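Worksheet: one structure, shown below.
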Amino acid sequence: MSRNFRVLIFVLFIASVNSYAQTIDNKSEDEAAIRANVEQMAKGWNMKSGAEFAKPFAEDSDYVVINGMHIKGRAANAESHQHIFDTIYKDSRIVPIVKQIRFLRRDIAVVHGESNLTFRINGEERRGKGMVTLVMTKEKGKWSIAAFQNTAIVATNGK
């Protein structure tokens, strides 16, 4: 094997290792950005600010509420959440848990998580749990929520 060929093989090997390491670094940066969006939603909820809650959503996002209602767009999302923060969920707190981030492509991810809600009705503390699915897209280096589906987790058989 010629010396030039061995050097070429070595350079290609180093380049592939470097490319793999950059892919892993980018993936962890992307995961951190995605988790930050989920935390921003929780921060907005716990501040009782519809605008802060809706901040990580895309301008033309889709949001399917736990009762099946479909909210279209960040502005409508902010407005409808502000309404519930001022009324039925004014004494509530939410804690999200990201369960899985799955990259469909470098710029599209599906996120599954759990939302744990504590709220009061007539002074009595209640709890709710939901499974959430987010479709997130990355445009111009920034992740945003393109679609959000919220589904209630209902206890079965007394569990």
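Only one of (1) more than 12 Å from the chain's Cα centre (by Cα); (2) modelled with pLDDT of 95 or more; (3) aliphatic (A, V, I, L, M); (4) surrounded by fewer than 18 Cβ atoms within 10 Å (Cβ to Cβ) fails for Ile14. Which number is that?
The single condition Ile14 does not satisfy is (2).
Which is in contact with a helix residue (DSSP H, G or I) (Cβ under 9 Å, 6 or more places away or on another chain) and within 26 Å of Ala32 (Cα to Cα), of Ile108, Ile94?
Of the residues listed, the single one that is in contact with a helix residue (DSSP H, G or I) (Cβ under 9 Å, 6 or more places away or on another chain) and within 26 Å of Ala32 (Cα to Cα) is Ile94.
Given the residues Ile66, Ile84, Ile94, which is the only one that is at pLDDT 95 or above and not in a helix (DSSP H, G or I)?
Step by step, each of Ile66, Ile84, Ile94 is checked, and only Ile94 is at pLDDT 95 or above and not in a helix (DSSP H, G or I).
If only one of Ala54, Ala21, Ala32, Ala42 is farther than 27 Å from Arg120 by Cα and at pLDDT 90 or above, which one is it?
Going through Ala54, Ala21, Ala32, Ala42 in turn, just one is farther than 27 Å from Arg120 by Cα and at pLDDT 90 or above: Ala32.
Restricting attention to the stretch 79-98, and to residues there that are in contact with a Gly (Cβ under 8 Å, 6 or more places away or on another chain) and within 14 Å of Asn150 (Cα to Cα), which single residue is surrounded by the most Cβ atoms within 10 Å (Cβ to Cβ)?
Taking the candidates together, the pick is His81.
Filter the stretch 117-143 down to the residues that are in a loop (DSSP other than H, G, I, E, B) and over 30 Å from Glu29 (Cβ atoms) and list them by number.
Asn122, Gly123
The values are calculated or read from the model by the stated rules, or taken from the named source; none is laboratory data. In this text, all values refer to a predicted model and were calculated from it rather than measured experimentally. Because the Cβ atoms are built from the backbone with ideal geometry, glycine has one as well, and the counts that use them run over all protein chains shown.
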